[in-house]
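A short worksheet on the structure shown next.
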Amino acid sequence: MLAEGDKMLSWLAEKHGRERVDAWLKSAARRISAPPSSAIPPRKVQKEMTQRSRAEVVLAWFLHKRAGEPVDIVKLYLAVELYTWRKDQVFGPRIRNGFTNRVVGQIVAGWAKVEQEREVYKVRIEEQPSWANERYRRYEEVVKVVDKYEPQKSIFKMLGKMVREILTEEGLMLSVKTYYEHLLANGEA
């Protein structure tokens, strides 16, 4: 799928020029952003938050905690969109868009790996044997806990939808359709 996306970008570079295609990708990548303050710890992500804000948490973890490149998200989305155009001529755009959004969201969430290790102060009380001076003994220890955030499918779709909105405004979604029509005309689809 990603190899096919690279072929599409090469075709676009031949047609419009490498500098122009790189400018399109960078322009779309600049618009994909989430503030560093959105990279909250996984234990603070609450059900009361909107889907968009939870998707921004995942995006912020990818961009700021994992030092990911937004251009990778743009290329991934274009490749998955082309894949769905090639493999799915039966369903309408709504189902195709939902599938693309979910797949991209799952992959980006995997790249983001929203988890955090923290130390927790724990007190444990154990009953002592009958011959001990004190009946109970108190143990104090520091335990390492790993908090993970596993987003729901709706968060994956929202993350993909956020990227789709940006790519549509930048006009890159039209280039995927143009490349797909080129493949159909040459009998390669």
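Some points to look at:
- Of all residue pairs spaced 6 or more apart or on separate chains, those with beta-carbon atoms under 6 Å, a first member in segment 83-109 that is among the charged types (D, E, K, R) and a second member that is open to solvent by 80 Å² or more (accessible area, probe 1.4 Å) and at pLDDT 90 or above are ARG102/LYS157.
- Check on ARG94, open to solvent by 30 Å² or more (accessible area, probe 1.4 Å), among the charged types (D, E, K, R) and outside any helix (DSSP H, G or I): no
- Residues in segment 132-155 that are part of a helix (DSSP H, G or I), open to solvent by 30 Å² or more (accessible area, probe 1.4 Å) and not hydroxyl-bearing (Ser, Thr, Tyr): LYS153 only.
- Answer residue from segment 25-70, given it is among the small types (Gly, Ala, Ser) and part of a helix (DSSP H, G or I) and is surrounded by the most Cβ atoms within 10 Å (Cβ to Cβ) among those: ALA55
- Annotation note: of VAL104, VAL123, the sole residue that is crowded, with 19+ Cβ neighbours inside 10 Å and not aromatic (Phe, Trp, Tyr) is VAL104.
The values are calculated or read from the model by the stated rules, or taken from the named source; none is laboratory data. Please read these numbers as outputs of a predicted model, since none were measured by experiment. Cβ atoms come from the backbone with ideal geometry, glycine included; neighbour counts cover every protein chain shown. Please note that ligands, DNA and RNA were not included when accessible areas were found on the heavy atoms of the full protein model with its side chains. Shrake-Rupley method; radii C 1.70, N 1.55, O 1.52, S 1.80 Å.
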